[in-house]
1. Determine the calculated [θ] at 222 nm for the chain from helices alone, applying -39500 (n - 2.57) to every DSSP H run no shorter than 4 residues and normalising by the residue count; nearest 500 deg cm²/dmol.
2. In what sequence do 67, 45 fall when counting other Cβ within 10 Å, fewest first?
3. Treating the angle as unsigned and between 0 and 90°, give the value, to the nearest 10°, between the Cα long axis of helix 84-95 and the longest Cα principal axis of the chain.
4. Grab the beta carbon distance between residue 183 and residue 239, set R0 = 30 Å, and tell me the FRET efficiency rounded to 0.05.
5. If you line up the long axis of helix 182-194 against the longest principal axis of the chain, both from Cα atoms, how many degrees apart are they, to the nearest 10?
6. Could you work out how far helix 63-78 tilts from the main Cα principal axis of the chain, as a 0 to 90 degree angle to the nearest 10?
7. How would 165, 195 line up from fewest to most surrounding beta-carbon atoms within 10 angstrom?
8. So what's the gap between the Cα centers of the range 204-257 and the range 47-116, to the nearest angstrom?
Ligand code: APR
């Protein structure tokens, strides 16, 4: 099947689908200029070991280095705009309210910036911050049992620290070995179980439980489309492989539907 035929077949399946689930990874933001994690040479991890930077142990061992890495990524994102792939998804959602559930592994906020509603951000939000130690690590400033120190009272520094109890602020992202936000994960699993089509875009498919959503959709009877210019670990469960980038492939798949 040629890529043009594959796009045509995929559009037919998407047009007929009452419920669509989309799972995105770093590749959907690549054409906005955001480095992926594993692409050789350009990816974030090409320069670091994930355990050093994206884990609680790594943060506790080197809080300033990890804080600075996230701060540099936040700064880079300030100048970044959603690309045609983000917009194609958001516009489809606006044309068909409630028909497409967008699940992302990305923390860059670009789907939200493009206007996608109800984004299920499985790995958190790089622009948000929370305390490292929840209650009872919190200090006397704790307002309720499950709330620690007032973030705005943090002392300046890298990372900011609570002056009373010494708690450290950390990026509100999911680090290796940490639990995913349960509400978002359950909603994503529901979408995977009930969708007619699962569209996987720009992910290597190596990190679980996110990648497992594609398997779950397939097992539940959905048609699985994988959009990625390169091979991924989810290719084997795809009914159609679409070898294109997100900014070209998503408009080709969704525009006009
Ligand atoms: N369009 C679509 N896909 C692309 C593009 C593009 N322009 N450029 C690269 N890709 C693909 C790559 O081929 C690769 O398969 O995007 C994928 C990026 O894979 P990763 O870098 O592994 O990113 P991701 O799959 O999102 O990683 C999952 O791992 O490190 C953790 O928490 C982190 O959320 C991340 C998770």
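Throughout, read-outs are computed from the coordinates displayed, never taken from laboratory work. Not measured: the values here are computed from a predicted model. Please note: Cβ atoms are built from the backbone with ideal geometry, for glycine as well, and neighbour counts cover all protein chains shown.
1. Values: 10 runs with 90 residues, N = 257.
One gets -10000 deg cm²/dmol as the mean residue ellipticity at 222 nm.
2. Working: 67 20, 45 15.
So the ranking, lowest neighbour count to highest, is 45, 67.
3. 80
4. Details: r = 30 Å, r/R0 = 0.99.
Once rounded, the FRET efficiency stands at 0.50.
5. 10
6. 50
7. On the way: 165 17, 195 26.
By the 10 Å Cβ count, ascending: 165, 195.
8. Each part's Cα centre sits 19 Å from the other's.
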